[in-house]
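Peer 1: My structure is below; once you've seen it, I'll send some questions.
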Ligand SMILES: Nc1nc2c(c(=O)[nH]1)N[C@H]1C(S)=C(S)[C@@H](COP(=O)(O)O)O[C@H]1N2
Ligand SMILES: [Mo]
């Protein structure tokens with residue numbers, strides 16, 4: 001199995017990334033398997049656009065040694081075509097999409113007991129503007145009208161030690177709606193660690209769906225299951241085993257398709273039994289004040305609290321801020337850019353008094369779903385919902401609890 005071994009080369013990758021990108025730091029990886037760095041400072045979440053330097057990185061295999069001239073993306077599964085990067089750029093329209101990418105493991109480090117693997121706090125999220133080719137333009141000519149139930153599987157060209165591949169499936173309807181083959185990030189060529197020469201971007205969905213170093217797009221009747229692809233390996237690990245929500249000591253069941261790709265709907269409905277991490281659940285992070293140094297405030301001044309809030313495919317409709325550790329809440333103001341799939345900024349004028357205060361934020365999406373207060377104990381599973389808790393799950397996925405992301409701030413008189 002590709003994921004059983006740790007990988008010494010990841011340490012060299014991390015060092016190289018830290019050298020290139022000033023605004024990130026390494027995150028604790030219990031099993032020493034992933035190349036992972038996250039935003040080094042809470043201040044990242046006081047801005048709408050995340051500079052490449054501060055955007056987290058997460059992958060399992062070695063970064064492939066890719067050359068822009070020879071890399072191709074092949075269409076498969078009844079679709080025909082093979083495109084170089086130059087062809088993707090020249091033969092199709094160029095678009096840019098704003099996408100808040102959050103690793104499905106963001107918040108895993110907040111689970112107690114610990115779940116193993118990468119111990120992310122809130123640092124595995126960022127918003128970039130990705131430039132590329134709409135997937136719709138590349139496949140459109142070849143689709144008949146029966147796209148409703150089809151899936152599109154993207155396969156990564158990253159080498160893997162178990163002869164398996166990094167393959168993820170999304171519904172074809174989502175792929176042709178707003179997904180792109182991206183070759184630039186914030187107007188710069190994709191850095192190697194973010195998928196150079198070309199990656200998939202799935203706006204509003206957990207990072208795992210945005211396959212880096214993509215070399216194949218395959219039209220399928222089902223999402224990827226064991227032996228779906230024309231190549232060695234089992235193929236389904238990243239879709240059917242990893243990145244699923246489930247209680248301790250449970251193997252998630254394999255599914256060919258799902259009724260809904262809304263991750264939280266899947267959890268609430270219990271269908272499928274163990275949700276897939278597709279679209280992102282409602283979440284927010286305060287960026288400033290950052291708690292790193294005291295805030296100085298005189299009697300008649302207020303302190304501006306700023307942060308970001310997102311909810312995957314859904315809009316954020318409300319953000320509340322607490323300055324007393326969650327006892328009382330006040331509405332914050334949403335402002336700034338408003339793009340589907342990307343976070344909103346929020347702000348709040350705080351009448352701060354000298355002392356130590358715990359600041360927290362709580363977002364609600366357009367369907368009335370609000371971030372739960374804390375992460376449950378390992379036995380709660382679906383019962384967690386009734387207690388305003390997020391379900392502890394063995395992989396530590398999709399966590400969006402309020403309290404673990406709070407920030408303690410010292411206020412002093414000037
Ligand atoms: N080919 C490939 N694509 C991948 C991965 C990977 O290991 N291999 N990791 C995924 C995961 S888990 C995440 S969170 C995002 C992270 O993208 P970033 O490193 O550009 O932030 O890439 C996704 N795409
Ligand atoms: Mo991830």
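Throughout, read-outs are computed from the coordinates displayed, never taken from laboratory work. Computed from a prediction, not measured in an experiment: that's the story for all the values here. Using ideal geometry, Cβ is built from the backbone for each residue, glycine included, and neighbour counts are taken over all protein chains shown.
Peer 1: What FRET efficiency comes out for residue 379 versus residue 49 if R0 is 45 angstrom and r is the Cβ-Cβ distance? Round to the nearest 0.05. Working shown, then result.
Peer 2: Details: r = 41 Å, r/R0 = 0.92.
FRET efficiency, residue 379 to residue 49: 0.65.
Peer 1: If I fit a long axis through the Cα atoms of helix 9-20 and take the longest principal axis of the Cα atoms of the chain, what angle between them do I get, 0 to 90°, rounded to 10?
Peer 2: It is inclined by approximately 60 degrees.
Peer 1: Which value in Å is the Kirkwood Rh of region 148-281 over different Cα pairs?
Peer 2: Values: mean 1/r = 0.0654 Å⁻¹.
That comes to 15.3 Å for region 148-281.
Peer 1: Need the full-extension length gain, residue 230 to residue 80, defined as separation in residues times 0.36 nm minus the C-alpha distance. One decimal, nm.
Peer 2: The residue 230-residue 80 span can extend by a further 52.5 nm.
Peer 1: Among 390-401, 233-244, how do they line up from the highest to the lowest mean number of other beta-carbon atoms within 10 Å?
Peer 2: Ranking, from highest mean packing down: 390-401, 233-244.
Peer 1: Can you give the extra length, in nm with one decimal, that the chain gains between residue 148 and residue 250 once fully stretched, where that is 0.36 nm per residue apart less the Cα-Cα distance?
Peer 2: 33.6 nm
Peer 1: Take every Cα pair under 8 Å in the chain that's 6+ residues apart, average their separations, divide by the length, and report that relative contact order as a whole percent.
Peer 2: 16
Peer 1: Now a separate question. Taking only DSSP H segments of four or more residues, each worth -39500 (n - 2.57), what value at 222 nm results for the chain once the sum is divided by all its residues, to the nearest 500 deg cm²/dmol?
Peer 2: -2500 deg cm²/dmol
Peer 1: What is the projected area of the convex hull of the Cα atoms of the chain, averaged over all directions, in nm²? Kindly include the intermediate steps, with their values, before the conclusion.
Peer 2: Details: hull surface 78.0 nm².
It is 19.5 nm².
Peer 1: Beta carbons within 10 angstrom, averaged per residue: use that to sort the peptides 122-128, 137-143, highest first.
Peer 2: Result, highest mean Cβ count within 10 Å first: 122-128, 137-143.
Peer 1: Is the shape of region 283-412 rounded, prolate or oblate, going by the alpha carbon gyration tensor and its root eigenvalues a ≥ b ≥ c, with a/c under 1.5 for rounded and a/b larger than b/c for prolate?
Peer 2: Because a/c hits 1.5 or more and a/b fails to exceed b/c, region 283-412 counts as oblate.
Peer 1: Over all directions, average the projected area of the Cα convex hull of region 61-125 and note it in nm².
Peer 2: One quarter of the hull surface, i.e. the mean projection, equals 7.5 nm².
Peer 1: Ranked highest first by the average count of other Cβ atoms within 10 Å around their residues, in what order do 69-78, 219-228, 104-113 fall?
Peer 2: Ranked by mean Cβ neighbours within 10 Å, highest first: 104-113, 219-228, 69-78.
Peer 1: Same structure again: How many angstrom lie between the Cα centre of region 252-317 and the Cα centre of region 64-117?
Peer 2: Region 252-317 and region 64-117 have Cα centres separated by 22 Å.
Peer 1: Here's something else I'd like to know. Residue 351 to residue 258: extension gain in nm, 0.36 nm per residue of separation minus the Cα-Cα distance?
Peer 2: Using 0.36 nm per residue and subtracting the Cα-Cα distance, I get 28.7 nm.
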